[in-house]
1. Go through (1) of a type in the set (A, V, I, L, M, F, W, C); (2) surrounded by 10 or more Cβ atoms within 10 Å (Cβ to Cβ); (3) modelled with pLDDT under 80 one by one and return the number of the condition LEU95 breaks.
2. Considering only residues that are touching a residue at least 24 places away in the same chain (Cβ under 8 Å), within 38 Å of the chain's Cα centre (by Cα) and surrounded by 17 or more Cβ atoms within 10 Å (Cβ to Cβ), which ones fall in segment 116-139?
Amino acid sequence: MRLIAALATLGALAALAFAAVELQAALTAPVPAASVQASATTTEPQVARSEPQPPRRWPAVFGIAVKEEPQPPAPPTPASEPQPPAPPAPPIESLGYTLKGMVRSGSDDGRGDWAIVSHPTGDRLLRVGDLLTEGVTVAEITEEGLWVDRDGERALLGFVEE
C-alpha cells in the first residue's frame, strides 16, 4: 500500500514539474506576429501602458441610480388661528363603568393587581395596560381604585359608595 502511495506521489510531482516548465515557457515566449497584426487592425486607438487608464465603466447590475433634482423649498404655511381648548371629557362613571372589586398581589410594581369592572354590556377583568374602551387605558390599580389614562389625562374610577 505504501508503495502505491509513493508511486502516485512521484507521478504527481513529475506532472507538477512538467506543468511548471510549460507555464514558464508560455510566460517568457514572445507574442506571435499574427496576434500583433490582429490587434493592430482594430479601430480603437492604442494607448501606451505608461499612460493612466480611465476607469472601466461596467454596466449597472441593479439598474441605474437616478439623481433627484433638488426641489425648491415649500412656501411657509400661514400660522393657524389658535383653537379654543377642547371641552373636558365626561367622568368615567358616566360611560357606565363601575368598579366592583380588585385583587392585590402585594407586589410593589402592581403588575399582579387585577380589577373587576362592571358595565351594562358585562363585567370585565382588567390589569395595568389593558384597554377599557377606545382611548381609555388602565394606568394603575391602587387602594383608592382604578386609575385610567384618557388621552394623557388621568381619571379615577373608584368604588361606588352606597
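1. Here LEU95 meets the rest and fails (3).
2. Within segment 116-139, LEU132, VAL136 qualify.
The values are calculated or read from the model by the stated rules, or taken from the named source; none is laboratory data. None of the values given here were measured: they were computed from a predicted structure. When we count neighbours, we look across all protein chains shown, and the Cβ atoms used for this are built from the backbone with ideal geometry, even at glycine.
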